[in-house]
Every structure is written in C-alpha cells, then in structure tokens.
Amino acid sequence: MGKGGAKKADDDESTGRAPFFVLAFLLFIGLLTLVTRSHVSDSAARPPAAGTHTYHPSKHGTTGPGDASDAGVTAPPDANPAELQARHQAEVAKVTATAKKEFTALKTMLETYWKGEAILADSWAFPPTHPEGIKFYAEKIARAMEHGLPLTVGVIGSSVAAGHDNCAYDSFENQLYRTLVGPLKASGVEFVVNNAGQGGGCGDNMYNQVWCLRNMVGDATDFTFYSWTYFEAGQNGAALANIHEAFIRWSLLMERAPVPTMMYAGDNFGADTANLFKQYAKFGFNVVTIHGGLKKHGQPKAPSWGDIGDSLHETTRYGETANETRKKSLGVFYRNWHPGPLGFQVVADAIAWRFASAALMAIEMLEAKQSLKQSFPKQPELISTSALGKSSCTDQANPVFEAKYCDVEEPPNCINHELPTFGRPQVVYSNKGDTLNPMVAKLVEKLEEKKNDPSSLIPRDEKKGVECMHADVCRGYRSDFMTYRLPRMSTGFIKVCCVNWSKCGERLKLATFYLDSTKLPQPKQDTPDKCVIVEEVFQHQTSTGGHFYLSIDMTTAPDVYISHVIAQ
C-alpha cells in the first residue's frame, strides 16, 4: 500500500477512537466533581487535623471587614466577609469585657494604695493624661488587645535602670512587669520588658548609648525609657537638650513608634523637657520622677540613704508578706544614690497607673470601633519627620553633635557588643566571604572576646538568689585587623567606642581607620572618653557602590576591645 493509503488508514483509526475518549473524559470529570463535593462537605464538619492553620479572629484580627489575610492563615472555606467580621467583633467584645474589669481593678487598687491619684499623677512632670498623648498611648494598647499582639517596654540607662545595689527582682522594670503582666495576659496580650540598662563601670553614658537605642531595645518596642539621672549633673545644657530630643525623635522613628519617657531618680529633671513636652506631648512623651509626687504630697524632703518608708508605707506591697530581713530591705527608699525597692515602687506604680488609664481609654476606642464595625490596623503607621516637626537641636563640639543628626528619617545604626541587647545590630562584622570588602585580604576574621563578670552590687543577704543577679555585662572584641560593614547612612557620622579598661579611648585614637580602602585622619576623642569620632559628616564616596566598610588596624592599639560602632 502506498503512503497515501497508510495516512488514510491512520485517520480512519483515530476517528473511530474519538467517541471512546470523549466518554472516558466526561466520566472522569463527573467522578472528580463528586469526590470534591464530598470532601468539602466532610471537611466542613470535621475539626482540622493536627498542625493545620485555622482562623482565629481574636488572635489574627482583620485590617477591615472581611480581611482574613495573615501569614500561613486562611479563612474557613464557608466563611464570607460578613461572617468573618461578626466573629472578629464577638472575640473583641470578649476581650474588652475582660480588659475593662482587669484594668478598672488595677487602677482602683493603685489609687487606694496611694490614697488617691494625686501622688501617682504628680510623679509625672507634665500632665500624664494630656489628651493627644494619652490617645496615642491608648491606640497602641487597643491594637494589641484587638489583634492579640505583644506589648514591649525597652529601657536604656545607667546603673539606676540596671537596678544596681538591689536584687534585680526589685528594679522598677521588674516591678512594673509584675504589676501589668496579669491584666494584660487576661486581655490576651503578652507583656515584655527588655531592660538594657548598663552600669557605669563600662564607661558608657547617654552620649553613646542613645545612638544605639534601636540595637539595644529592638525595633519591636512600644514604649521606650531613658534614665541617666546622675550622669546629667554638671553637663552642658545644650548638649543634654540635643541628646534628649534625639532620644525622643529616634524612638518615634522606630518601626512601632514607641512612646518615649524619661525617668529621673529624684525630683529634678532637665529644664529643656518643658519645651520638648510642648512639641512631643501628642506622641505620649513625658518625664516620670521617683520623688516628685511624694514631695508635693506629704514628703517634702527626700529620704536619706538607707531610710525606711515613703511617708505612707514601710515596705513594698510584695514585702508585706516577706520575712523580716527581706521586708526591711524592701522598705528602703534610697540605698545610696541608687533608689531602693520602695523608691522603685513609686515610679513603677506611676507608670502602671498611666498605663491603666490609657488601657481604659483603649477599651472605649475598641467599643466605639465595634459599633461602627471597624478595626484598628495591626501595624501602626510610620511617623515621618514632617509629622515630628523640625527639631531644636544645635551644633555642639563636645560631645560632637550637629543639628542635622536629629532631623533624619531613620534612627542611627549601631552594633553594641555589651550585654544585654535585644535588637538586631544594623552594623555587622565582615567575613572572608564578603568579596565587596576592599580590605578583605587583611581582615582577621577570628575575634578575641573580653568581658567582665556581672555586677555584684546586690545586698549581702540577697546575693544567693538567682532572681537577684544583674544582667548587664561589659564586653568587647578585637583582632589585629577588623572590618565592620556599615548600612546605608544619611549624615556620614561614625563613632567607635571601646570597653573602658585602662583609659582605652586614648589607645583607640592610635588605631588606623579606613573607610573602604581610604585611610582616614587620626580620630578625635569624644564623650564619653572611651569613644572616638571617626567622621562627623560625609567626606568620602563609597568605592563599592553600596555599603561602606569601616576597617580598623588595631596593631598600634594594644589591649583595646571594641564595644560600639555607630553610624548614621
């Protein structure tokens, strides 16, 4: 048979098979549809298998009616926007009912304990319930309650913040945590307090630590605290005003725009804070003092070192059931210049009282949103520098500071090698695999660590308690040739600090610094004197087309261990 005949035979054969394939295909589709319907109907009646994601409005929340989006979470297949919103509203109603009961009880307890609200309110330098400020504060709490998000406090400061000369359990941060954790847990909110206070033995002060705020407390922070009472004595007023305003602005520029608060161990505070309150009160900024409220209401003179009592109480609330030795220790108002547990209780209660006031406002906000079938967004809006307004910062020679350092779009970048820190470092140590580093051939990748033991400033009878140990530790690293990769910078400011052993700052000046491969002039010492200024503003262009690399030849700087690298 010829080629033409073979082709025709093939065509006839395929034509003959067509009806069979069509019938088979239709039968397959019918069976698939039946199985799928059966599966959907059955799965809707069964509980989800272990390990599967389910949708819980009270946990995941919505950003608006019917929005069930969340990482790894999908709405049930039978849900529609109206049903999702109804479930969400029901869950939020349960939360607000519980929260209202808890925070009403807390506020009542505090006001009963302090014979009214006067001492608590006047522990604040400025009105603690400023209308715009308390609203900004309350919105954070409302968002957390609605979506089951954590609320985090981050503290930077000196040995007062670290709780030295006390059992760490008695610091104001730990007392605040224990006061608020119960009501917040009952409201579906995890409460976290990150205390990055560092004792004076490391040689730090506000002029290097505030630059490292984001690294020290972490971006996921809702409330920031600053405490350097005794370090501020005798300081240049303009320099202090700069660092105060920088703390406020850099806090508010963080990812969650935390409410900034300054805490003082006595009743005095910076004269500049009144102007700062005028500008930043709408963002919740305020100043809280340990003795300010008591001074106005029954205790005009601050207790002497070692004195027991605060004019109303002889020990802390939790000290009332302690043994006599511990009870007496908990009744100390000032150990020395460091507050004692009873002094710390005043400020912890003042903060908790303001928090409870804001929480009750948050509940009112949630109830109002409920009536409108609206929700708070999970993520707060980032605050812009235009919203903050122009700063009042001024140029200063010592410590080095230029007004433009305040008026930036993001907080500074830092790596702080001291302990503890709770955020990710924005500056990172380079490695041999970083081929963009122009000095990679000289880099000594292995670092030598040196650190102190934790502070032993704990009352003698309490030294054995694990809960009494302090967390702050001086620590630094060195190698003969070090390189840090710097992130995107806005001003060109670079400051490097060392661990404060044997006047390390004088030897740090002897090190040779490179920006990319360009050798820099000898740095100048700054405040604190463990730090040097490598650059004040941009002087060079990066050779890598992206990040700068800061290299330090340490061979001429013996026994120097780097504690901080700051870049803006």
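The values are calculated or read from the model by the stated rules, or taken from the named source; none is laboratory data. From a predicted model like this one, the values you see are computed outputs, not experimental measurements. Because the Cβ atoms are built from the backbone with ideal geometry, glycine has one as well, and the counts that use them run over all protein chains shown. SASA here: full protein model, heavy atoms, side chains in, ligands and nucleic acids out. Shrake-Rupley method; radii C 1.70, N 1.55, O 1.52, S 1.80 Å.
What the table below lists for this structure:
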| quantity | calculated |
| --- | --- |
| Value of D in µm² per second that Stokes-Einstein yields for the stretch 164-311, Kirkwood Rh from Cα pairs, at 25 °C (0.890 mPa s) | 145 |
| Net +/- balance of residues flanking T112 in space, Cβ distance below 13 Å, scoring K and R +1, D and E -1 | 0 |
| Whole-angstrom Cα spans of the stretch 452-568 along principal axes, big to small | 58, 28, 24 |
| Accessible area in square angstrom per residue, the stretch 455-549, 1.4 angstrom probe | 46 |
| Value of Rg/Rh across the stretch 396-455 [Cα atoms, Kirkwood radius] | 1.07 |
| Kirkwood hydrodynamic radius of the stretch 301-422, from inverse mean 1/r over distinct Cα pairs, in Å | 19.8 |
| Two-decimal log10 I(q)/I(0) for the stretch 94-242, as the Debye equation yields it once each C-alpha is a single scatterer, q = 0.11, 0.16 Å⁻¹ | -0.52, -1.08 |
| Residue-by-residue Karplus 3J(HN,Hα) for the stretch 552-568, coefficients 6.51, -1.76, 1.60, Hz, glycine and proline x | 10, 7, 9, 5, 9, 10, x, 6, 10, 10, 6, 9, 9, 10, 10, 9, 9 |
| 29 Å Cα-Cα reach of K463 towards lysines, excluding residues that sit fewer than 8 places from it in its own chain | K327, K328, K450, K451 |
| Within the accessible area of the stretch 222-265 (1.4 Å probe), percent carbon and sulfur | 52 |
| Label point distance in nm, E132-F538, each placed 7 Å from Cα along Cα→Cβ | 3.2 |
| Approximate spin-label separation K296-A441, in nm, with each point projected 7 Å along Cα-to-Cβ | 6.8 |
| Förster radius 30 Å - calculated FRET efficiency between Q374 and R424, Cβ distance, rounded to 0.05 | 0.35 |
| Sequence-distant lysines (8 or more away, or on other chains) whose Cα lies within less than 22 Å of K378 | K59, K94, K100, K135, K140, K185, K282, K369 |
| Gain on full stretching of the segment that runs from T512 to S311 - 0.36 nm per residue minus C-alpha separation | 66.6 nm |
| Counting all C-alpha pairs of the stretch 237-285, share separated by more than 18 Å (%) | 27 |
| The stretch 112-195, accessible surface, carbon-and-sulfur percent (1.4 angstrom probe) | 54 |
| Local electrostatic count, S430, Cβ distance below 10 Å [Lys/Arg +1, Asp/Glu -1] | 0 |
| Difference of contour (0.36 nm per residue) and Cα-Cα distance, A97 to S304 | 70.0 nm |
| Distant-in-sequence amide H partners of V534 (H built 1.01 Å from N, under 5 Å) | I494, K495, V496 |
| Prolate/oblate/rounded label for the stretch 342-482 (Cα gyration tensor, a/c 1.5) | oblate |
| Long-range amide H partners of V473 with built H, under 5 Å | L419 |
| Whole-Hz ³J(HN,Hα) from phi, Karplus 6.51 cos²θ - 1.76 cosθ + 1.60, for the stretch 123-138, glycine and proline x | 6, 8, 5, 10, x, x, 10, 3, x, 6, x, 6, 5, 4, 4, 5 |
| Long-range HN-HN contacts of D434 with modeled amide H, under 5 Å | none |
| Phi-based couplings in Hz for the stretch 346-357 (Karplus 6.51, -1.76, 1.60; Gly and Pro marked x) | 4, 6, 5, 5, 4, 5, 5, 5, 5, 4, 4, 4 |
